[in-house]
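One structure is given below, encoded as structure tokens.
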Amino acid sequence: MAKSLYLAAMEARSGKSVVALGLMELLSRRVRKVGFFRPVIASSDRPDKELHLILNRYNLEHTYEQAYAHTHDEARRMTAEGKYAELLKSVVGKYNQLESGCDFVLCEGTDFTRVSSAFEFEFNADLAINLGCPVLAMVNGRRRSADQVMQAVRVARESFRGQGCTLLATIANRVDVDLVDAVEEKLREDGAKEGAVYILPEEEILGKPTVGEIATALGGRIMQGDLDWLNREVHDFKIAAMQLPNFLNYVLDGSLIITPGDRADVILVSLASAFSETYPNISGLLLTGGLKPEPQVQRLMEGLTQSKVPVISVDKDTYTTATSVNTIPAVLRPENDRKIATALGVFESHVDVKELGDLIVGAPSTWVTPIMFENDLIERARSDRQHIVLPEGMDERILKACEILARRNVLDITLLGNEEDVRRRIDLLGLSLEGVAVVDPARSEWRKEFAEIYFEMRKHKGIHMNRAWDAMEEVSYFGTMMVQQGIAGGMVSGAVHTTQQTIRPAFEIIRTQPGRSIVSSVFLMCLEDRVLAYGDCAINPDPNPEQLADIAISSAETARKFGIEPRVAMLSYSTGESGKGEDVDKVRDATRIAKERSPDLRIEGPIQYDAAVDPGVAKTKMPDSDVAGRATVFIFPDLNTGNNTYKAVQRSAGALAIGPVLQGLNKPVNDLSRGCTVNDIVNTVAITAIQAQSMKGAS
């Protein structure tokens, strides 16, 4: 298989950023060290948007300067001076320097906007041949009929092949969403779909600049507002030149309001609209003319602490500002998780990523980096769509994670809480959660049924019907019952609630799997080149030998679900038969019990951590073991040891710790840390969906 791919567009504004992002996501699942290269960038005076996005999002090991060869002006000058061959040679030399340190390089072709398309095509074709890269060709489907898109695909394929290029696949991007099926059908009828052709629909949001992009382009000053709102897309802009009653008739959801800084009436009404359930939610307020509201008005604005709407001041007049806003392009930036999630959602929903990955690089690498593992979680969760319930519907981090998962089209989500409050919270945060259901347990039609089921389950414990009815108003109990009844495949909680509040309902309602004595947990520890499982680091303070054996078997099963071949190390302060004492005897007994219960499981214990992970130490201490030095699942003797060890490895080795992942329940429920990040929530929800897939298959 080739070690590189050349992404080449046939014309400007074809949306290469979206495809480059999707390809990097795909490659990061399969290749350890990916490089990104652009032969020519616009200028050395300002950052290239593609390089800035890719290098920052994927933490590539090479520098910005290593990732490009020339600027547009340099390339034009060399061509005009008859030094075209020298230009090609220079690009190849710079590329080879980068490639030598990478396992694979994605090369994104030029986008000369002031040269002929014929010259650009020939330049990209010549580069692809001289770099030895197969080509992924892109055509722009925007504002084209199905026949025109089909013709563009045919021309691209014939053109690159005619130049002697190896054409790997073709992507038609920005196709009208209503024409995607028609284009697919015409390609099949025409026979043009010889080889791989993928059709990506136009996504309106990706073509909209954000409030922050507009502020930066205009040199604006942020007066107030939530910085996260700077990533909100501006769907249109409105100039407030009318009296208020007439002006309000024209405000739409996502509008950027442009008004002179001394129009106190417009400013206050625009900010107040954020709290109104009857008016659209604006994206921002742009004050022109360098004018500031009067001090009394500013004080009133500052008191609207719940308003997250950005207020931006610019020096130019209203007309000039509005004219400039209309020309500001949309850009994919590494800090804009919302827009990146949308772009990846479009790519991954319309490209067969397994098929394309096999075409590009073949089988996945045996190395597993944190980025690879996280991306694989998302892809596996999407492969068999599940429904996950999140009880903490008012938490900002939960809602932001939901938006990312929804935009990437990973799974179905239900949030719990008062629907009016949750929807208002979503609006105040400036999020888009279309398609995400909100259920209020207090008003749900399921509450009575759930209460009756819970009463029958717990009446032997003295629970009365009134208590069962009250329990089903609590979001943790209601969400757990949704999982038990098969309405949802799994539940994730703990961003606000304690671990006890999250798992107690699961103990009472879902209960443990047959043959499992306890519920336990593992952390999936993503190191630089592999993923390990650590258990139990979150639930059981001091398990006895039977429970420790149970934890080992459960952890091995969990590891296998997530692509980790289990080789289990039962950790202790001594290795083999050398140690004596109650603690090491517990581990020795647990190892024996685990072997009896699961004879095929590769397990070793007691064993010290160094002997479990280091082949050199293992050769000395346990030379005949097939686990020592190669362990992938580490079972700690107690919670104190496990919790401290996982945190020490996380901090000192820079490992990504995903979890805790609960195991041993009949259906998946997972607990979050109250200090969790949005990314932690995304990963945990994806893990829960994968657990739901496997449990569904086993049922």
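The alpha-carbon of K595 sits under 16 angstrom from the alpha-carbons of these lysines, leaving out residues fewer than 8 places away in its chain: K586. Size descriptors for the range 329-417, from the alpha-carbon set: Rg then Dmax equal 14.9, 46 Å.
Averaging the sequence gap over all C-alpha pairs within less than 8 Å and six or more residues apart, then dividing by the number of residues, gives the range 578-699 a relative contact order of 13 percent. Excluding same-chain neighbours fewer than eight residues apart, the aspartates and glutamates reachable from K354 by a Cα-Cα span under 15 Å are E25, D376, E379, D384. For the range 627-678, the spherically averaged projection of the C-alpha convex hull amounts to 5.4 nm².
Across M24, M394, the residue with the most accessible area heads the list, and the full order at a 1.4 Å probe is M394, M24. Considering all C-alpha pairs of the range 367-454, those separated by over 14 Å amount to 68%. Restricting to DSSP loop positions (anything but H, G, I, E, B) with no more than 13 other Cβ atoms inside 10 Å of their own Cβ, which trypsin sites (Lys or Arg not before Pro) remain in the range 530-590? Taking the range 530-590 and a limit of 13 other Cβ atoms within 10 Å, the loop trypsin sites (Lys or Arg not before Pro) found are K580. Please label the shape of the range 607-651 as rounded, prolate or oblate, based on the square roots a ≥ b ≥ c of the eigenvalues of the alpha-carbon gyration tensor (a/c under 1.5 means rounded; beyond that, a/b larger than b/c means prolate, else oblate). Note, shape of the range 607-651 comes out prolate.
Measuring spread by the Cα atoms of the range 492-546 yields a radius of gyration and Dmax of 13.7, 40 Å. Rounded to the nearest Hz, the phi-derived 3J(HN,Hα) couplings of the range 321-327 under the Karplus curve 6.51 cos²θ - 1.76 cosθ + 1.60 (θ = phi - 60°) are 4, 4, 4, 5, 4, 5, 10, where x marks glycine and proline.
Straight-line cross-link partners of K580 among the aspartates and glutamates, defined as a Cα under 13 Å from its Cα and at least 8 positions apart when in the same chain: D589. Across the chain, Cα pairs under 8 Å and at least six residues apart give a relative contact order of 11 percent. With all pairs of different C-alpha atoms in the average, the Kirkwood value for the hydrodynamic radius of the range 10-115 is 14.4 Å. Only Cα sites of the range 576-699 enter the Debye sum here, all with the same form factor; the resulting log10 I(q)/I(0) across q = 0.11 1/Å is -0.52, listed in q order. On full extension, the segment bounded by T216 and R385 gains 56.9 nm, given 0.36 nm per residue less the C-alpha separation. Take the Kirkwood radius over Cα pairs of the range 391-504, plug it into Stokes-Einstein at 10 °C and 1.306 mPa s, and you get 107 µm²/s for translational diffusion. With R₀ set to 56 Å, the beta-carbon distance separating D45 from R458 gives a calculated FRET efficiency near 0.20.
The protection proxy used here, the mean number of other Cβ atoms lying within 10 Å of each residue, ranks peptides 275-281, 370-376 as follows, highest first: 370-376, 275-281.
For L291 and E74, what is the calculated FRET efficiency with R₀ set at 30 Å and r taken between the beta-carbons, to the nearest 0.05? That gives a FRET efficiency of 0.10.
When only Cα pairs below 8 angstrom with a gap of at least 6 residues are kept, the range 463-559 shows a relative contact order of 18 percent. Based on the Cβ-Cβ distance from E335 to T278, what FRET efficiency comes out when R0 is 41 Å, to the nearest 0.05? Calculated value: 0.80. Rounded to the nearest 10 square angstrom, R221 shows an accessible area of 100 square angstrom against a 1.4 Å probe. For the chain, the longest principal axis of the C-alpha atoms and the axis of helix 16-30 are separated by about 20°.
The convex hull built on the alpha-carbon positions of the range 507-614 has an orientation-averaged projected area of 7.5 nm². Give me the Kirkwood hydrodynamic radius of the range 438-508, using the inverse of the mean 1/r over all pairs of distinct Cα atoms, in Å to one decimal. Hydrodynamic radius (Kirkwood, Cα only) of the range 438-508 equals 12.3 Å.
As a size descriptor, the averaged projected area of the C-alpha convex hull of the range 415-565 was calculated at 12.3 nm². With everything on Cα atoms, drop me the angle between helix 639-652 and the longest principal axis of the chain, reported from 0 to 90° to the nearest 10. Roughly 30 degrees, rounded to the nearest 10. When both the range 19-53 and the range 419-475 are represented by their alpha-carbon centers, they are found 45 Å apart. Axis of helix 84-99 versus longest Cα principal axis of the chain: the two differ by about 10°, to the nearest ten degrees. Measuring between their Cα centroids, the range 278-324 and the range 208-234 lie 11 Å from each other. Taking a virtual spin label 7 Å from the Cα of V155 along the C-beta vector, which residues in the range 200-230 bring their backbone nitrogen under 13 Å of it? Counting backbone N atoms under 13 Å from the label point, the list is empty. Here, the chain is characterised by an Rg to Rh ratio of 1.01, where Rg is the alpha-carbon radius of gyration and Rh the Kirkwood radius. For the residue pairs K33/K339; K16/K339; K561/K667; K16/K400, alpha carbon separations beyond 18 Å are given by K33/K339; K16/K400. Summed over all non-identical Cα pairs, the Kirkwood treatment of the range 188-284 gives a radius of 15.7 Å. Model label points for D529 and N246, set 7 angstrom from Cα along the Cα-to-Cβ axis, are 7.1 nm apart.
In the chain, helical runs assigned H by DSSP with n ≥ 4 each contribute -39500 (n - 2.57); averaged across all residues and rounded to the nearest 500, the mean residue ellipticity at 222 nm is -13500 deg cm²/dmol.
The values are calculated or read from the model by the stated rules, or taken from the named source; none is laboratory data. Note that the coordinates shown come from a computational prediction; the quantities given were computed from them, not determined experimentally. Cβ: placed from backbone, ideal geometry, glycine included. Neighbour counts: every protein chain shown. These accessible areas exclude ligands, DNA and RNA; they are computed on the full protein's heavy atoms, side chains included. Shrake-Rupley method; radii C 1.70, N 1.55, O 1.52, S 1.80 Å.
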